[in-house]
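Here is the structure we will look at.
The values are calculated or read from the model by the stated rules, or taken from the named source; none is laboratory data. Quick caveat, the model's predicted, so the values are computed rather than measured. When we count neighbours, we look across all protein chains shown, and the Cβ atoms used for this are built from the backbone with ideal geometry, even at glycine.
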Amino acid sequence: MDRQEEIARLEEKLMRLKVEHRALDRRLEELEAQVSLTTEEQLEEARLKKEKLRKKDEMAIVEAKIRKLREDQS
């Protein structure tokens, strides 16, 4: 795989991660809008927050890889 193909693959992965991150954010907003949460919803909220942070970390890693590949091209 050449550098351009690798960049394209990483950009596609980054877009997918952003979509997933936004979906987690929307669900968290729904939960936070409720007056009170059931125990199940509280567990879901905690799980979603952790998953959202993992996605954010993964996005940062992918963005760094894309930057590195582009810098190496120059």
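Among the residues examined, Arg22 does not qualify as in contact (Cβ under 8 Å) with a residue 24 or more places away in the chain and loosely packed, with under 13 Cβ neighbours inside 10 Å. I'd like to check something: does segment 66-74 contain any residue that is hydrophobic (A, V, I, L, M, F, W, C), free of Cβ contacts under 8 Å to residues at least 40 places away in the same chain and surrounded by 10 or more Cβ atoms within 10 Å (Cβ to Cβ)? There is no residue in segment 66-74 that is hydrophobic (A, V, I, L, M, F, W, C), free of Cβ contacts under 8 Å to residues at least 40 places away in the same chain and surrounded by 10 or more Cβ atoms within 10 Å (Cβ to Cβ). Val35 meets all of the listed conditions (1) out of contact with any helix residue (DSSP H, G or I) (no Cβ under 9 Å at 6 or more places or on another chain); (2) modelled with pLDDT of 95 or more; (3) loosely packed, with under 13 Cβ neighbours inside 10 Å but one, namely (2).
For segment 16-74, the tally of residues that are closer than 30 Å to Glu6 by Cβ, part of a helix (DSSP H, G or I) and of a type outside the set (Asp, Glu) stands at 26. When segment 47-74 is filtered for residues that are of a type in the set (Asp, Glu) and either at positive phi or touching a helix residue (DSSP H, G or I) at 6+ places or on another chain (Cβ under 9 Å) (or both), the ones remaining, listed by number, are Glu51, Glu58, Glu63, Asp72.
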